[in-house]
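The values are calculated or read from the model by the stated rules, or taken from the named source; none is laboratory data. Remember, it's a predicted structure, so these values are computed and weren't measured experimentally. Every residue, glycine among them, receives a Cβ derived from its backbone with ideal geometry; neighbour counts consider all protein chains shown. What goes into the accessible areas is simple: the full protein's heavy atoms, side chains included, and nothing from ligands, DNA or RNA. Shrake-Rupley method; radii C 1.70, N 1.55, O 1.52, S 1.80 Å.
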Amino acid sequence: MEIICESCQSKFRIGDEKLPKDKTAFLKCPKCQNRISVPALAKDPDDPGQPDVDEDFFSFDEDESDGYDVSDKPFDFVEEEGKTALLCESDPMIIKAITPVLEVLEYHITEVKNSREALKTMRYHSYDLIVVNEYFDAKNPDANGVLIYLERLHMSVRRNIFLTLITRRFRTMDNMAAFQKSVNMIVNVDNIADFDKILRRGMADFGIFYQAYKDCLA
């Protein structure tokens, strides 16, 4: 059975044998912890039946996931107000330029080797900052798996992520291109040496842009 979380729109699959056939099951979305109700399955007339299940919640596997391992969850403990960043970049020189900047800004950094690892990590963590090279694990920059995943995130989750795109095609701080690519900021590789100043400026603009909205939510 395919299940869709009404809160974050994540899709999951759960085996029918894990669900009771005579009562509604309640699941917790592993991504946003929203409570999901699943109607009782239609009863098979040839099925002798099964005993009632006492548990309120059932475990289920996320769609296209290899399962969850505690070793994949490096941020079980982050101090209060701690910030997290995901770095999706394969060029050592760019990584060398970006990492010290994020460390100075006191981000806990996760570096991933490919899009599969990035997607698996993002399923269990909501990062404050994500830096993605448009060619990260992709031959076609318009078919970048990480960017596609982020573009499809529910806005309640996406608006809290500052997404930076590393590119050679667009100008740094090109707001129209950023809007077209569904990212918050663009940094051209030729300007990577100034990543510190560019990031600080972009995040300041991001904070101002959403401040009134967040104040209203609060």
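Selection of region 203-218 for residues being of a type outside the set (A, V, I, L, M, F, W, C) and more than 23 Å from the chain's Cα centre (by Cα) yields only 215.
For region 113-135, the candidate set comprises residues that are within 21 Å of residue 168 (Cβ to Cβ) and β-branched (Val, Ile, Thr); within that set, the residue that is surrounded by the most Cβ atoms within 10 Å (Cβ to Cβ) is 131. The listed residues are 77, 58, and the only one of them that is modelled with pLDDT under 75, touching a strand residue (DSSP E or B) at 6+ places or on another chain (Cβ under 7 Å) and either open to solvent by 70 Å² or more (accessible area, probe 1.4 Å) or more than 24 Å from residue 130 (Cβ to Cβ) (or both) turns out to be 58.
Each residue in region 136-155 was checked for being in contact (Cβ under 8 Å) with a residue 24 or more places away in the chain, farther than 21 Å from residue 31 by Cβ and open to solvent by 10 Å² or more (accessible area, probe 1.4 Å), and 2 of them qualify. Restricting attention to region 202-218 and to residues that are among the aliphatic types (A, V, I, L, M) and open to solvent by less than 80 Å² (accessible area, probe 1.4 Å), the residue that is farthest from residue 102 (Cα to Cα) turns out to be 212.
Taken together, the residues in region 156-193 that are in contact (Cβ under 8 Å) with a residue 24 or more places away in the chain and open to solvent by less than 60 Å² (accessible area, probe 1.4 Å) amount to 16. Per the conditions (1) over 23 Å from residue 157 (Cα atoms); (2) surrounded by 14 or more Cβ atoms within 10 Å (Cβ to Cβ); (3) modelled with pLDDT of 85 or more, the sole criterion not satisfied by residue 86 is (1). Screening residue 97 against (1) in contact with a strand residue (DSSP E or B) (Cβ under 9 Å, 6 or more places away or on another chain); (2) at pLDDT 75 or above; (3) among the small types (Gly, Ala, Ser) leaves a single unmet condition, (1).
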